[in-house]
Amino acid sequence: MGAEQKPGGTANTAPPSLLLAWSDRINAWCEKALFVLMLAMIFFTTLQVITRVFFTALSWSEEITCFLLVYASLVGAAVAFKRGSHIAVTFIVEYLPAGVQKALALLVHLLGISFFGVIALYGILLMKSESQQTSPAMMIPMIWVYLIFPVLGGIIILHLFAGLRQTMKRG
């Protein structure tokens, strides 16, 4: 993390907040995990096609590919939140005064925190209610499959809190 340029040309050498540092560090891990998840999905899909065409189809390969797709989608959503890459309609907001833009940004962050808080909470409840279930083909406890919801909900909430703090610091 180098020094950032302020509009006046002076460098901002203030260290990032602990919240932002954690958000950045966790996002770096999420990006690596996303890469591994995508590679694993490609590997198991390729393995599934090869075994189906030339041998006997693997009973578990489709299930693991589905689980990897869900994991990759949610980890990708967390990375997109951190990067600000989700679709946004900004053409109206850009014409509003700076104070209103800031208030809307704060509101969006707070709504996001609330939404992903619900996702994390219901993920925990789902883990509890389905703790005795196993996946049909791989026979792994479904608690490990559903763990992604509270974990990624928490990570996205961390990113949103870091973004909320940055928004509040802006003039």
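The values are calculated or read from the model by the stated rules, or taken from the named source; none is laboratory data. Being a predicted model, the structure only gives us computed values, none of them experimental. Counting neighbours? That spans all protein chains shown, and the Cβs are built from the backbone with ideal geometry, glycine included. What goes into the accessible areas is simple: the full protein's heavy atoms, side chains included, and nothing from ligands, DNA or RNA. Shrake-Rupley method; radii C 1.70, N 1.55, O 1.52, S 1.80 Å.
Rounded to the nearest 10 degrees, what's the angle between the helix 148-169 long axis and the longest principal axis of the chain, both from Cα atoms, 0 to 90?
Here the helix axis deviates by roughly 10 degrees.
Between Thr134 and residues 5 or more places away or on another chain, which pairs have amide H atoms under 5 Å apart, with H built 1.01 Å from N, and which residues are they?
Residues meeting the criterion, in which the H sits 1.01 Å from N, are Met142.
First select every other residue whose beta carbon is under 14 angstrom from the beta carbon of Val70; then total the charges, Lys and Arg +1, Asp and Glu -1.
Overall, the nearby charge balance is -2.
Which whole-number percent is the relative contact order of the chain (Cα, under 8 Å, 6+ apart)? Write down the numbers at each step before the final one.
Details: 150 pairs, mean separation 43.1, N = 171.
Contact order relative to length: 25 percent.
What number, in percent, do you get for the relative contact order of segment 88-161 if the mean sequence gap of Cα pairs under 8 Å and at least 6 apart is divided by its residue count? Intermediate values should be presented prior to the final figure.
Numbers: 58 pairs, mean separation 25.8, N = 74.
Computed value for segment 88-161: 35 percent relative contact order.
Under a cut-off of 16 Å between alpha-carbon atoms, report the aspartates and glutamates in cross-link reach of Lys102, not counting same-chain residues fewer than 8 places apart.
Result set, ordered by chain and number: Glu94.
For segment 37-171, build the charge dipole from Cβ charges (+1 Lys, Arg; -1 Asp, Glu) around the Cα centre, then report which of Phe67, Phe161, Val79 sits farthest towards its positive end.
Towards the positive end, the residue furthest out is Phe161.
Highest first, please rank the peptides 77-84, 154-161 by the mean number of other Cβ atoms sitting within 10 Å of their residues. Intermediate values should be presented prior to the final figure.
Numbers: 77-84: 17.5, 154-161: 22.1.
Top of the packing list down: 154-161, 77-84.
Return the calculated 222 nm mean residue ellipticity for the chain, to the nearest 500 deg cm²/dmol, obtained by summing -39500 (n - 2.57) across DSSP H runs with n ≥ 4 and dividing by the residue count. Could the numbers behind the result be given before it?
On the way: 5 runs with 119 residues, N = 171.
Calculated mean residue ellipticity at 222 nm is -24500 deg cm²/dmol.
Quick one: helix 61-83 against the long Cα principal axis of the chain, what's the angle to the nearest 10°, folded into 0 to 90?
Compared with the principal axis, the helix lies near 0 degrees.
Quote the FRET efficiency, to the nearest 0.05, computed for Glu130 versus Ser59 with a Förster distance R0 of 22 Å and r equal to the Cβ-Cβ distance. Let's see the in-between values first.
Details: r = 21 Å, r/R0 = 0.97.
The value I calculate is 0.55.
Could you give the nm distance between label points at Lys32 and Leu121, where each point is 7 Å from its Cα heading toward the beta carbon?
So the label points at Lys32 and Leu121 sit 3.4 nm apart.
Set the Förster distance to 25 Å, then compute FRET efficiency between Leu18 and Lys102 from the Cβ-Cβ distance, nearest 0.05. It would help to have the intermediate numbers written out before the result.
Values: r = 23 Å, r/R0 = 0.91.
The value I calculate is 0.65.
Out of the total accessible area of segment 65-161 (probe 1.4 Å, heavy atoms of protein only), what percent is carbon and sulfur? Let's see the in-between values first.
Numbers: 4410 of 5940 Å².
Taking all protein chains in place, segment 65-161 shows 74 percent carbon and sulfur surface.
Relative to the compact-globule scaling 2.2 N^0.38 Å, provide the ratio for the alpha-carbon radius of gyration of segment 73-126. Walk me through the intermediate numbers first.
Numbers: Rg = 13.9 Å, N = 54, 2.2 N^0.38 = 10.0 Å.
Relative to the 2.2 N^0.38 Å estimate, segment 73-126 comes out at 1.39.
Starting from the Cα gyration tensor of the chain, multiply each eigenvalue by 5, take the square root, and state the resulting semi-axes largest first in whole Å. Intermediate results must be reported in sequence, preceding the final value.
Details: eigenvalues 303, 74, 45 Å².
After diagonalising the Cα gyration tensor, the semi-axes are 39, 19, 15 Å.
Given a 1.4 Å probe and heavy atoms of the protein chains only, how would you sort Met38, Met138, Met168, largest accessible area at the top? All intermediate terms of the calculation are to be shown ahead of the outcome.
Values: Met38 80, Met138 50, Met168 115 Å².
Heavy-atom accessible area, descending, gives Met168, Met38, Met138.
With everything on Cα atoms, drop me the angle between helix 98-129 and the longest principal axis of the chain, reported from 0 to 90° to the nearest 10.
30 degrees
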